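Report on the structure given below.
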Amino acid sequence: MKIKPLYWIIGVIVVIVLAFAGYYNRFVVATNGIDGQWKQVEVQYQRRFDLIPNLVNSVKGLMQQEQKVFGDIAAARAAYTGAQTTEGKVAAANQVEGALGRLIAIFENYPQIKSDQAVLRLQDELSGTENRISVERRRYNDLVQAYNISISTLPGNIFAKVLGFKAKPYFESSSGAENAPKVEF
């Protein structure tokens, strides 16, 4: 019994449609995983932003002369709140980290701040939050890496191009983040 060419064509079309559906579903699952992980990063940022005013208010009473750092922190928080894209939020988060670095450096120069229990407790909370942020960013980047590899390698790159899936951005530290902040009095 000979299989008719029409059945071959239908069989090939079914295989292609199933391949497209499989890759589409894989890309959608990966994209949703990345978006969900970014929300986890944002949850930790929100925790950080909730702690910062308490820390700043505790320190404000102890030192009035360092108002620039407090202004920088407030401006960075406002920039994060106003950011509409992931890239904008990353840039604003990096601003916050720079301002927090300067605030931590100030702590080191003021013994009365270092010994205040409320400040110490808040500083510990903030340190724990920074660790959580680091873990969530790493998880986000791991998901982005897996997704970007899947849409860049054969045959995924063909399906990704046809289906309109594009590479996702990694969370990257800001330039100069490797340098300790300078604080001048």
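Listed values, structure above:
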read-out	value
Residue count for segment 118-143, restricted to those that are without any contact (Cβ under 8 Å) to a residue 60 or more places away in the chain and of a type in the set (D, E)	2
Any hit, segment 176-184, residues being part of a helix (DSSP H, G or I) and either modelled with pLDDT under 90 or loosely packed, with under 13 Cβ neighbours inside 10 Å (or both)	no
Selection status of N131, modelled with pLDDT of 70 or more and either in a loop (DSSP other than H, G, I, E, B) or loosely packed, with under 13 Cβ neighbours inside 10 Å (or both)	yes
Every residue from segment 43-71 that is buried (at least 19 other Cβ atoms within 10 Å of the Cβ), modelled with pLDDT under 70 and part of a helix (DSSP H, G or I)	V59
Neighbours by Cβ (under 8 Å, 6+ apart or cross-chain): first from segment 28-40, at pLDDT 95 or above; second of a type in the set (K, R) and outside any helix (DSSP H, G or I)	T31/K168; I34/K168
Output for segment 147-170, where each listed residue is crowded, with 17+ Cβ neighbours inside 10 Å and in a loop (DSSP other than H, G, I, E, B)	F165, K168
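The values are calculated or read from the model by the stated rules, or taken from the named source; none is laboratory data. Nothing here was measured: the structure is a model prediction, and the numbers come from that model. Virtual Cβ from ideal backbone geometry, glycine too; neighbours counted across all protein chains shown.
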